[in-house]
Structures are given as structure tokens and as C-alpha cells.
Amino acid sequence: MNVQLNEQLKQLALAAQQQPSLTLLRQLALRQLVNGILNSGRLCRPQSGQFLGIYDDIYDEAVQELLLYICQNIDKYNPERGEVMAWVNVLLERRFFKEAIPKIMDKQNMQRMSLSDLDQIAPPESNPCLTDMIKQCIELDSENIFKNEHIENHPRANFQALARRRLLGKSWKEIAAEFDIKLSTVSRFYDRCLNKFSAKIKEYCTDI
């Protein structure tokens, strides 16, 4: 099985190298190569067991950068020096995983936007309390942007639904269990939405 996989990946890599950059045939070969790498089950997991709580984030960042590098630098692969997966895993372990560590740790150390951060733009005390305004903004959703932004293949797990539950004080563990989705997937999606919609929410709160 490994021999067959190695040969398949090598042929895809060589096929990509033989096509001019940015051509459809090169992109097709690269897409098949990337899918083959991801589905091979042979991607290494450097420093497994370390970086508790953020390992998956580091690994995902490293793999993403690795695949981008492969697509942009496939001509650097030399079949005479080893199999595709050997080349890929050396890059992942010695370069991209190490480069991903400070990126993710810096993100963790940065102050993430949360609903409570909107206190900075709270209106005078005579206006409705901030939490009520945020709830109103989330519920109103006149353009359906909060409802339409959902976790892939989970339309029920949209930003509006998650924000409602967070505003009610539910934990990520409770929310993840309710939607039957990994806790890390739910919380990362929510953080991305907060960053994406922060300007919209702040604008609504200041306009009231």
C-alpha cells in the first residue's frame, strides 16, 4: 500500500512540475497531490503531547502553510532524494511546525475581542445597558448576516445561535455538546465571527 501511495504521489508531483505555472493542468495536479497528502494518514505530528490546549491550532497553521509552500514550490521536490511524504514531513517538522508555534502563541497572548470588550464604546448611563443592546443587535439581524454565518455543514450552529447561548452564560462545553460539534471548532468559529462582525456590533450600539 505504501509503495503504491508513494508512486502515486510522486507521479502527481512530477506531473505538476511538467506543467507551466498557473496553468489549469498544474493546478489540477497540485490539488490531487495535496488531497493525497492529507488523506495519506502519514503526515507526522511533531512534538505531539506538548502545547496542551493549542496544539491543534499550531498543527493546523503549520499544515496550512506547508501545503501552500508545496503548491508554490513543487519544483523543489527531487524524487531522487526521497519520497514525497519524506520531503513533506521534513518540511513540516523542521520548518513549518516550528514557525507556527510563535504565531499561535502570539495570538493567544493578544487580547481577544469578546462581547465584554464592547464596554469601551458604551453610551451614557441613561441609554440601555450594553448587554441588552448587544442582545438586540444579535436578535434583530435585519440582514440575516449572523444567521447565515454558520459552521460548515452545521447550519443550526450559526453565529446568532451561538451568541444567544453565550449571552445566556452557557459554557463552550455545553454549547458544543448541544450541537454535537468539537469544542475547539465551535469556539474558534465564534472568535472568528466576533472579529468579523465587531465593527457591525459596535456601530449598532453607538447608533442607539
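The values are calculated or read from the model by the stated rules, or taken from the named source; none is laboratory data. Keep in mind the model is a prediction, meaning the values are calculated, not measured. Neighbour counts are summed over all protein chains in view; Cβ atoms, including those assigned to glycine, are modelled from backbone coordinates with ideal geometry.
For this structure, a couple of remarks:
- From Glu178, Glu143, Glu139, residue being at pLDDT 75 or above, closer than 30 Å to Asp56 by Cβ and among the acidic types (Asp, Glu): Glu178
- Unmet requirement for Arg95, which otherwise passes all of (1) modelled with pLDDT under 95; (2) under 26 Å from Thr185 (Cα atoms); (3) surrounded by fewer than 18 Cβ atoms within 10 Å (Cβ to Cβ): (1)
- Residue count, segment 155-182 (criterion: farther than 19 Å from Glu139 by Cβ and in contact with a Ser or Thr (Cβ under 9 Å, 6 or more places away or on another chain)): 2
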